[in-house]
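Here the structure comes first, spelled out in structure tokens, and everything after it is commentary.
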Amino acid sequence: MLKKKNKGKIVFAIVMLAFFCWIFLGPTLLSKHFHELDEAYIEKTEKIDLDRDSSLTYSVERFEQRENSYREIVEISGFAFKELKEEIKNREILIYMESENKKNNYIVKAELIQKPEILTEHLAGGDFSKYIDIGFYAKFSAIVMKNGIYKVNVVVKENDKMYFTDAKFIIKKDKGIVTILPIE
């Protein structure tokens, strides 16, 4: 039978092991299973080879980290499109965060939103009902991202063709602290 002293050491070791497992695995488990309303899921992805010469019309109107957010919630919104044609039947807008080491890349699928003021600015006529939404909004938790510097790209997928542009921002995560910086 175990002595009382050894039982205490074993219990202490098990508690410490559980604690450190929670420290390392907890954020990932929480972010996968507990989302805020309208929060997008961030996925780790392989490097995407994108056409660096593709030109998009885009604007990032808001890109910020929510204050006092223990889950490091980041919000980004704006609009992006390659072409405004009625023939475009499906459009996806993705936020692609490319790491400097090209190994830890992340992608977030943005929610499409209407932007009639942008359509009015770029199209003649008033019937915009035949056009797919060009605005986007994404809210995601950066807690699962590994420490590093990530270049933020906006990717537009129109009729299964992908186009991309640099969003002129980087996300820097260092020791669990997320900072959003403009690229000079």
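The values are calculated or read from the model by the stated rules, or taken from the named source; none is laboratory data. Bear in mind the structure is a predicted one, so any value in this text is a computation, not a measurement. Every residue, glycine among them, receives a Cβ derived from its backbone with ideal geometry; neighbour counts consider all protein chains shown. With ligands, DNA and RNA removed, areas are computed over all heavy atoms of the protein, side chains included. Shrake-Rupley method; radii C 1.70, N 1.55, O 1.52, S 1.80 Å.
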Let me spell it out: the conditions are (1) modelled with pLDDT of 75 or more; (2) open to solvent by less than 40 Å² (accessible area, probe 1.4 Å); (3) touching a Ser or Thr at 6+ places or on another chain (Cβ under 8 Å), and residue 45 meets all of them except one. Which number is the exception?
(3)
For the stretch 58-101, which positions are part of a loop (DSSP other than H, G, I, E, B) and either β-branched (Val, Ile, Thr) or in contact with a strand residue (DSSP E or B) (Cβ under 8 Å, 6 or more places away or on another chain) (or both)?
66, 71, 72, 82, 83, 88, 90, 100, 101
Every residue in the stretch 76-114 that is of a type in the set (Lys, Arg) and crowded, with 20+ Cβ neighbours inside 10 Å, please.
82
Any residue in the stretch 160-177 that is under 30 Å from residue 23 (Cα atoms) sitting within a Cβ distance under 7 Å of a residue that is open to solvent by less than 40 Å² (accessible area, probe 1.4 Å) and part of a loop (DSSP other than H, G, I, E, B)? List the pairs, counting only those 6 or more apart or interchain.
173/145
Looking at the stretch 137-159, which of the residues that are of a type outside the set (Val, Ile, Thr) and free of Cβ contacts under 8 Å to residues at least 60 places away in the same chain is least open to solvent (accessible area, probe 1.4 Å)?
150
Single residue of the stretch 160-184 satisfying the filter (of a type in the set (D, E, K, R) and assigned to a strand (DSSP E or B)) that is surrounded by the most Cβ atoms within 10 Å (Cβ to Cβ):
173
